[in-house]
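Asks: Provided herewith is a single structure, encoded as structure tokens, for subsequent inquiry.
The values are calculated or read from the model by the stated rules, or taken from the named source; none is laboratory data. Predicted model only: the values in this text are computed from it and were never measured. Quick reminder, even Gly has a Cβ in these numbers, built from the backbone with ideal geometry, and neighbours come from all protein chains shown.
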Amino acid sequence: MYDYLIVGSGLFGATFARQATDAGRRVLVIDRRPHIAGNVYTEDVEGIHVHRYGAHIFHTNDKSVWTYVNRFADFNRFTNAPVANYKGELYSLPFNMYTFNKMWGVVTPEEARAKIDAQRREITGEPGNLEEQAISLVGRDIYEKLIKGYTEKQWGRDCRDLPAFIIRRLPVRLTFDNNYFNALYQGIPIGGYTKLVENLLDGIEVRLNCDYLEDKENLDALAQKVVYTGPIDAYFGCRLGALEYRSVRFETELLDIPNFQGNAAVNYTDRETPWTRIIEHKWFEFGKDAEGNDLPKTVISREYSSEWKPGDEPYYPVNDEKNGALYAEYKKLADAEANVIFGGRLGEYRYYDMDQTIAAALALSAREL
Ligand code: UDP
């Protein structure tokens, strides 16, 4: 008999598994996929760690989380600085003095401030949706060229129907600083995320290709408690209706050239280009292999965003009002479910970053163990 059956070997499940094991509990981790690590899974292709389920750049302001992950991996000095491609015009991201200079020719922070202030005046009062929030932060020109098309592709919804908080994920700076994140600590785990999760799960029993919901009764009988990190609505057979998710499809290619786009991430911010961004994976590790040699080939992934439907992988919760209200109903069912704990991006239907996922798993461990 196990103390915990942990459903899902992503960052939430693996962190809780580590903590429970270190606290002397017996745990079994299961995953329906043929590999561990959930959506942070990386796979080796010609010496390049390919982020199979989309780009993951670890960043945090939480020193305890940073110290924790550094027990399981060394991190390189990668800093995310995506480039936006709007119909062939290139802009620096996030929105900073390089962006404002390219957009308006302004040179000083004061000139940039004046441009933004003049444009944001069209928004009066508290921004009620993503469009109003974006214009109020950076003005209409940047909204139109760098935000509107990208966001509508990414979410499949009008910017006026999306919550303001999504765009507040991005910094706006009046300095020349292309660092996408406002985080004290940032980097990519050397050796890949799969290795990081392998280290978290060191010595822990894991069963792959094991679908919890298909065999729930038998699996439940193996443990006192369940930690479930899958979609919360699926757990309840979608009996209150399905929550909406965004899914992502990747077209990945190995190219026999050393450098495709000169950067890890290029966002295509116009509405017409069908993909949202192209990731060139080798640049997360400076184009080098484990021995420090330049890699002769490159792997790129075009990322296409789509509405989730059964059979797809869910990636992003759609945190609008309608889904928020439905989630609240599922949360009541979850709270009433004896001996089952729901966690992670899908279990809590929250747009968690990796560090928040680990922090949530550590907080659960502190309460539970
Ligand atoms: N966003 C945008 N233009 C960009 C990049 C991001 O408008 O070039 C907006 C978009 O609405 C997106 C949000 O900012 O959903 C958050 O972006 P982030 O990079 O945090 O998304 P993730 O990497 O989690 O997909």
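Asks: Within the stretch 239-253, does at least one residue satisfy the condition of being in contact (Cβ under 8 Å) with a residue 60 or more places away in the chain and among the acidic types (D, E)?
Replies: Yes - at least one qualifying residue is present in the stretch 239-253.
Asks: From the set of residues in the stretch 92-110 that are more than 16 Å from the ligand (Cβ to nearest atom) and touching a residue at least 40 places away in the same chain (Cβ under 8 Å), which is surrounded by the fewest Cβ atoms within 10 Å (Cβ to Cβ)?
Replies: Looking at the filtered set, the residue picked out is P109.
Asks: Can you pull out the residues in the stretch 35-91 that are more than 16 Å from the ligand (Cβ to nearest atom), among the aliphatic types (A, V, I, L, M) and farther than 24 Å from R249 by Cα?
Replies: Within the stretch 35-91, V65, V69, A73 meet the criteria.
Asks: Looking at the structure I just gave you, is D211 of a type in the set (D, E), crowded, with 16+ Cβ neighbours inside 10 Å and away from the ligand (no atom under 15 Å from the Cβ)?
Replies: In short, no.
Asks: Let me ask you something else. Identify the residue in the stretch 314-342 that is modelled with pLDDT of 95 or more and assigned to a loop (DSSP other than H, G, I, E, B) and, among all such residues, is farthest from K153 (Cα to Cα).
Replies: Here the residue is N339.
Residues are listed down the side, and each one gets a yes or a no for (1) among the small types (G, A, S); (2) touching an Asp or Glu at 6+ places or on another chain (Cβ under 7 Å); (3) surrounded by fewer than 18 Cβ atoms within 10 Å (Cβ to Cβ); (4) in contact (Cβ under 8 Å) with a residue 12 or more places away in the chain:
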residue: D3; (1), (2), (3), (4): no, no, yes, yes
residue: G10; (1), (2), (3), (4): yes, no, no, yes
residue: A14; (1), (2), (3), (4): yes, no, no, yes
residue: R26; (1), (2), (3), (4): no, yes, yes, yes
residue: H35; (1), (2), (3), (4): no, no, yes, yes
residue: Y41; (1), (2), (3), (4): no, no, no, yes
residue: V45; (1), (2), (3), (4): no, no, yes, yes
residue: F75; (1), (2), (3), (4): no, no, yes, yes
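Quick grid of which residues meet (1) surrounded by 19 or more Cβ atoms within 10 Å (Cβ to Cβ); (2) over 22 Å from E43 (Cα atoms):
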residue: G292; (1), (2): no, no
residue: V299; (1), (2): yes, no
residue: G324; (1), (2): no, yes
residue: Y327; (1), (2): yes, yes
residue: N339; (1), (2): no, yes
residue: L346; (1), (2): yes, yes
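Asks: Now a separate question. Output the residues belonging to the stretch 349-369 that are surrounded by 15 or more Cβ atoms within 10 Å (Cβ to Cβ), more than 16 Å from the ligand (Cβ to nearest atom) and not aliphatic (A, V, I, L, M).
Replies: S365, E368
Asks: Being modelled with pLDDT under 95, charged (D, E, K, R) and out of contact with any strand residue (DSSP E or B) (no Cβ under 7 Å at 6 or more places or on another chain) narrows it down to one of R140, R160, R168, so name that one.
Replies: Checking each option against the conditions leaves just R168.
Asks: Among the listed residues E131, E126, E122, E144, identify the single one that is free of Cβ contacts under 8 Å to residues at least 24 places away in the same chain, touching a Lys or Arg at 6+ places or on another chain (Cβ under 9 Å) and more than 10 Å from the ligand (Cβ to nearest atom).
Replies: E122
Asks: Against the definition (surrounded by fewer than 19 Cβ atoms within 10 Å (Cβ to Cβ) and modelled with pLDDT under 95), how does D202 come out, yes or no?
Replies: Here the answer is no, as D202 does not meet what is asked.
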